[in-house]
Amino acid sequence: MNSLDLGKTLSGYLSALAETGLQIEMFTDFEKVPETAAATGRLFQMPGFAIERADHTENSAFWLFLKEGDAYIGGAASMLQDLGRETLADYLLRTSRHQFPNGAGGGVESVAAPLAREVRGRLAYVGELTFLPGHRGRRAERLAPFIRILHILAIQKWDVDWIYAFIPDRHMQARLDLVYGFTRAIPRAQKWRAPEPEVRSSTEWFVGASRLEMEHMLQSDLAGFDVL
């Protein structure tokens, strides 16, 4: 998918949101993130995104926030994980020990084999998704365009090989993976050492898409837009 088609697809999503009175803001001024995220109902950041711990730059992460009028009603973030020769499994095992320590050492104990073997290279990890209660609206009108805008920005900004997230089982039962535009879903993607972190679980799913699969999804959406 060339850069022009990516731009057209981005324009289509932005127009779809604008037609319902919604706007997008992109934040790389991280000092503003906690206060803005709190306005959407998110009172904490996961360790990998926490600005007081992660030392992100505008080249390594960004936040998107959805506005209705003057009110922030939703948000999400993405970070670049440029793994080089390291596997995603090794990366998760290593970083989770520092991000979620406990008396027994903490962290991830094992990673599902398909995830460990296939997902590698330059990755965009998506997290921090939060909406004010009652503001997600119909999936096709708000949530899908919002997340897919995030995907396009990650592709444009970082030239990634994969985009992925971890979602709880209840979201998978609602097939939010398809709403987000992901093509892969792996159950019990990580086994956490006991006691599990309060905000993570061994029942989480890995959801993601390779660059080729993601661009196919975006190209399919572009075919339905009325853009120049």
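The values are calculated or read from the model by the stated rules, or taken from the named source; none is laboratory data. Bear in mind the structure is a predicted one, so any value in this text is a computation, not a measurement. Counting neighbours? That spans all protein chains shown, and the Cβs are built from the backbone with ideal geometry, glycine included. Surface areas here come from the heavy atoms of the whole protein model, side chains and all, with no ligands, DNA or RNA. Shrake-Rupley method; radii C 1.70, N 1.55, O 1.52, S 1.80 Å.
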task = Would you please name the residue that is nearest to ALA185 (Cα to Cα), looking only at residues in the range 97-111 that are open to solvent by 20 Å² or more (accessible area, probe 1.4 Å), not charged (D, E, K, R) and not in a helix (DSSP H, G or I)?
result = VAL111
request  = Taking the residues in the range 55-96 that are over 16 Å from the mean Cα position of the chain (by Cα) and of a type in the set (Ser, Thr, Tyr) as candidates, determine which candidate is least open to solvent (accessible area, probe 1.4 Å).
outcome  = SER96
message = Being over 17 Å from ARG94 (Cβ atoms) and surrounded by fewer than 15 Cβ atoms within 10 Å (Cβ to Cβ) is the filter here; which residues of the range 42-54 pass it?
response = LEU43, PHE44, GLU52
task = Output yes when any residue across the range 173-182 is more than 26 Å from LEU43 (Cβ to Cβ) and open to solvent by less than 30 Å² (accessible area, probe 1.4 Å), and no when none is.
result = yes
task = Restrict the check to the range 23-31 and report whether at least one residue is modelled with pLDDT of 90 or more, within 30 Å of HIS216 (Cα to Cα), in contact with a strand residue (DSSP E or B) (Cβ under 8 Å, 6 or more places away or on another chain) and aromatic (Phe, Trp, Tyr).
result = yes
inquiry  = Among the residues of the range 182-193, are any assigned to a helix (DSSP H, G or I) and within 22 Å of ALA116 (Cα to Cα)?
reply    = no
request  = Give the range 194-214 a look and list any residue that's part of a helix (DSSP H, G or I), in contact (Cβ under 8 Å) with a residue 24 or more places away in the chain and more than 14 Å from the chain's Cα centre (by Cα), or say none.
outcome  = ARG211, GLU213
Residues (among the hydrophobic types (A, V, I, L, M, F, W, C) and either under 11 Å from the mean Cα position of the chain (by Cα) or open to solvent by less than 20 Å² (accessible area, probe 1.4 Å) (or both)) located in the range 144-154 = ALA144, PHE146, ILE147, ILE149, LEU150, ILE152, ALA154
query = If you check LYS157, LYS191, which single one turns out to be open to solvent by 60 Å² or more (accessible area, probe 1.4 Å), closer than 15 Å to TRP205 by Cβ, in contact (Cβ under 8 Å) with a residue 40 or more places away in the chain and not small (Gly, Ala, Ser)?
reply = LYS191
request  = Output the residue which, of all residues in the range 28-43 that are in a loop (DSSP other than H, G, I, E, B) and without any contact (Cβ under 8 Å) to a residue 24 or more places away in the chain, is nearest to SER15 (Cα to Cα).
outcome  = ASP29
task = Please work out if ALA140 is within 22 Å of GLU25 (Cα to Cα), hydrophobic (A, V, I, L, M, F, W, C) and exposed (fewer than 15 other Cβ atoms within 10 Å of the Cβ).
result = yes
Scope the range 194-228; condition open to solvent by 60 Å² or more (accessible area, probe 1.4 Å) and of a type in the set (A, V, I, L, M); matching residues = ALA194, VAL199, LEU212, ALA223, LEU228
query = Just checking, which of LEU115, LEU123 is under 19 Å from the mean Cα position of the chain (by Cα), in a helix (DSSP H, G or I) and closer than 25 Å to ARG53 by Cβ?
reply = LEU115
ask   = Quick one: THR20 ticks every box in (1) free of Cβ contacts under 8 Å to residues at least 40 places away in the same chain; (2) assigned to a loop (DSSP other than H, G, I, E, B) bar one, so which box is it?
value = (1)
